[in-house]
Amino acid sequence: MSDLTGELLAAVVAATPEQKAAALRLLRGETAAPAPRVAEPFLTLVACARQLGVSACSLWRWGVPGHELGGRRKFRMSEVEAYLASDAFKQRAAELRKEDRARRRDSAGTTSKGAP
């Protein structure tokens, strides 16, 4: 008996019934049927914002990707999360921060204490 056969027999003896059944299916060339894919639902901007713990205004300002469905903008959470992890979002967030700082600086410089 070859070493490989001996190892196989030792593994079979030590395996659980579930492992034995899975190994037998594999050796016979049977593959498990792929799990049915469940379509990811489309969400409103408010629903996405709730799940992420941010305001809907922030998501809108950040320009998250969405789809036009029946004249309404809908979003897939996986696409929103992928965008928020992307370099494009990081660049957009940096631009928004820069604009916000400039707006604050401009509004602070135009306010005078003596104005009615």
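Nothing in this text is a laboratory measurement; each read-out follows from the coordinates by a stated rule. Please read these numbers as outputs of a predicted model, since none were measured by experiment. Because the Cβ atoms are built from the backbone with ideal geometry, glycine has one as well, and the counts that use them run over all protein chains shown.
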Apply the Karplus parameterisation 6.51 cos²θ - 1.76 cosθ + 1.60, with θ equal to phi minus 60°, to every residue of the stretch 80-95 and state each ³J(HN,Hα) to the nearest whole Hz, in sequence, with x for glycine and proline. 5, 5, 5, 5, 5, 8, 8, 5, 4, 5, 4, 5, 4, 4, 5, 4
Which value in nm describes the separation of the simple spin-label points at E40 and R103, placed 7 Å from the Cα toward the beta carbon? 2.9 nm
Given a Förster distance of 22 angstrom, what is the FRET efficiency for Q91 paired with L69, based on the Cβ-Cβ distance and rounded to 0.05? 0.20
If you put +1 on each Lys and Arg Cβ and -1 on each Asp and Glu Cβ, how big is the dipole of the chain around its Cα centre, in Debye rounded to 20? 980 debye
Sequence order, the stretch 52-61: Karplus ³J(HN,Hα) from phi using 6.51 cos²θ - 1.76 cosθ + 1.60, θ = phi - 60°, Hz rounded, Gly and Pro as x, gives 8, x, 10, 7, 5, 4, 5, 4, 4, 5
Once the Cβ-Cβ distance between E7 and R28 is put in as r, and R0 is 22 Å, what FRET efficiency do you end up with, to the nearest 0.05? 0.65
Potential lengthening between A82 and W62 on full extension [0.36 nm per residue; Cα-Cα distance subtracted]: 5.9 nm
Could you rank the peptides 16-23, 42-49 by their average count of other C-beta atoms within 10 Å per residue, with the highest value first? 42-49, 16-23
